[in-house]
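For reference, the structure is listed below as structure tokens.
Laboratory data are not the source of any read-out in this text; all were calculated from the coordinates shown. Small disclaimer: the values here were computed from a predicted structure and weren't measured. Methodologically, a virtual Cβ is constructed for each residue, glycine included, from the backbone with ideal geometry; neighbour enumeration extends over all protein chains shown.
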Amino acid sequence: MPIIVKKFGGTSVGNVDLIRGIARRLAKEYHRGNQLVLVVSAMAKTTDNLFSLAYEITQHPSRREMDMLLTAGERISMSLLSLSLLEEGIPSISFTGSQSGIITDNHHGNAKILKVNAFRIHEELAKDKIVIVAGFQGVSTAKEITTLGRGGSDTSAVALACYLGADKCEIYTDVDGVYTADPRIVPKAGFIREIGYADMLALAYNGSKVLHPRAVEFACKYQVPVEVKSSFTFADGTMIRAEESPKEVLMEDRVVRAIAHKDNLICYRILPDQKALELLNVWHHEIFKISKMEATLELYVEAKYESEIDYLLSQHGVEPISKETEIGFVILVGLGLAADPAFVASVMQLCKDLSLKRIAHSERSLELMMPARQVAEAVAMLHDSLIGVNQ
Ligand code: ADP
Ligand code: ASP
Ligand code: MG
């Protein structure tokens with residue numbers, strides 16, 4: 001019998017009515033004969049609220065205790081979904097990350113999954129139960145509870161799909177699928193029916209919140225097909241799978257597939273000395289970008305982490321050379337964009353009224369750095385000029 005892993009994000013399980021609605025739909029699917037493993041995020045805003053509670057007590061909370069606290073959010077949603085399924089007459093059982101056998105390294109707050117010992121999940125599936133797993137969490141090799149980084153439930157889901165040999169991993173969220181830009185910023189953004197792992201990876205790493213980048217990495221590495229779809233309609237969404245054939249890729253050469261963005265970043269510029277290396281070894285926040293320019297190491301991080309990073313730097317005796325705030329990035333994603341100087345020139349021409357600070361490229365992206373306040377306008381304008389209204 002095929003195993004399907006389905007992940008429900010925070011907004012999708014934001015209240016009891018939504019949870020009940022999901023349980024009703026899943027009950028129908030259960031009767032169609034699929035083996036279902038569900039991964040849930042904490043109910044909308046729960047994780048943020050738990051953070052705030054900790055910060056009422058201290059500005060520098062212990063990473064271990066934060067993981068104990070934050071993992072509580074997913075326990076609430078997993079048990080409520082299980083109760084709802086039981087009410088529908090469907091046998092179900094919920095597990096924390098550690099009960100599910102998700103083994104991680106010891107990096108509190110941003111742990112990496114090392115392996116999944118999913119025998120309890122297999123045992124319960126064999127009893128015809130729906131198994132619900134708390135996303136975003138695991139247990140370290142030192143037997144401590146860990147979290148996988150903000151947005152990490154996507155990664156829990158895809159990792160479970162890999163280890164369970166699932167046929168598919170479905171990510172249910174508050175949009176219908178992946179669009180050519182964040183539909184909240186570009187309402188005219190086009191819906192993408194299919195996208196290759198590499199383009200999705202470029203989008204996710206460059207700030208498209210719709211999928212956690214490490215989830216796409218897992219999917220690509222183990223070739224798990226992933227579908228991003230709406231938890232409100234359950235309609236067909238965006239399929240993420242292996243690349244298009246080489247012929248199609250050539251035909252799509254130098255086409256902007258989608259646009260990602262990131263605003264409100266801070267850049268710490270530090271000396272790339274021994275102290276900096278020691279600092280990076282214990283770093284536990286996501287870093288949006290690292291680059292080394294001659295005698296300077298640049299670390300771009302989200303502004304919300306500022307006070308924690310200031311503290312970390314001071315603990316390691318690292319005095320920043322400079323700290324720049326309110327930085328934004330707009331990233332055009334598509335194959336071979338930067339290989340065409342005329343294309344780069346046309347982008348620069350389009351951005352002539354913006355304060356472009358830097359242009360950089362990789363194989364699948366062209367990255368434009370600008371003040372954070374110009375990002376939304378730049379995404380809309382570039383989308384209009386380079387992608388258009390619809391696919
Ligand atoms: P969940 O809580 O379900 O994990 P997220 O908030 O993490 O949901 O991700 C969904 C959000 O991603 C959407 O509400 C949308 O604003 C944002 N998003 C950013 N870029 C894109 C994109 N290219 N396509 C679709 N959604 C996007
Ligand atoms: N609840 C966690 C967060 O808010 C994990 C997730 O939603 O994926 O970041
Ligand atoms: Mg998410």
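Put simply, the C-alpha atoms of region 302-343 give a gyration tensor, and the ellipsoid matching it has half-axes of 35, 12, 10 Å, longest first.
Each peptide in 31-39, 154-162, 331-339, 55-63 was scored by the mean count of other Cβ atoms within 10 Å over its residues; highest first, the order is 154-162, 331-339, 31-39, 55-63. Cross-link check: pairs Lys115/Lys323; Lys143/Lys229; Lys127/Lys168; Lys209/Lys352 evaluated at a Cα-Cα cut-off of 32 Å; pairs beyond the cut-off: Lys115/Lys323; Lys143/Lys229.
Where a ≥ b ≥ c are the square roots of the eigenvalues of the C-alpha gyration tensor, would you call region 206-333 rounded, which needs a/c under 1.5, or, failing that, prolate if a/b is larger than b/c, or oblate?
Since a/c reaches 1.5 and a/b is larger than b/c, the shape of region 206-333 is classed as prolate.
Volume per residue of the convex hull around the Cα atoms, evaluated for the chain, comes out as 143 Å³. Computed over region 152-277, the P(r) curve from all C-alpha pair distances, binned at 5 Å from the origin, holds 2, 10, 18, 21, 18, 12, 8, 5, 4, 1, 0 percent per bin. For the pair Glu286 and Ser322 in one chain, pulling the backbone fully straight at 0.36 nm per residue adds 11.0 nm over the alpha carbon distance.
Counting 0.36 nm for each residue step from Glu56 to Lys115 and taking away their Cα separation leaves a gain of 17.7 nm. Between the beta carbons of Ile76 and Lys221, assuming R0 = 30 Å, the FRET efficiency works out to 0.45 to the nearest 0.05.
The angle between the Cα long axis of helix 63-87 and the longest principal axis of the Cα atoms of the chain comes to about 50 degrees, rounded to the nearest 10.
Provide the FRET efficiency to the nearest 0.05 for the His122-Ala242 pair, computing r from the beta carbons and using R0 = 35 Å. Step by step, r from the Cβ atoms, then E = 0.85.
Quick check: residue separation of Lys275 and Arg358 times 0.36 nm, minus the Cα distance between them. What number comes out in nm?
Roughly 27.1 nm would be gained on extension.
Take every pair of alpha-carbon atoms less than 8 Å apart whose residues are at least six positions apart; their mean separation over the length of the chain yields a relative contact order of 14 percent. For region 138-250, relative contact order (Cα pairs under 8 Å, six or more residues apart, normalised by length) works out to 32 percent. Computed from Cα positions, the angle between helix 341-350 and the longest principal axis of the chain comes to roughly 90 degrees.
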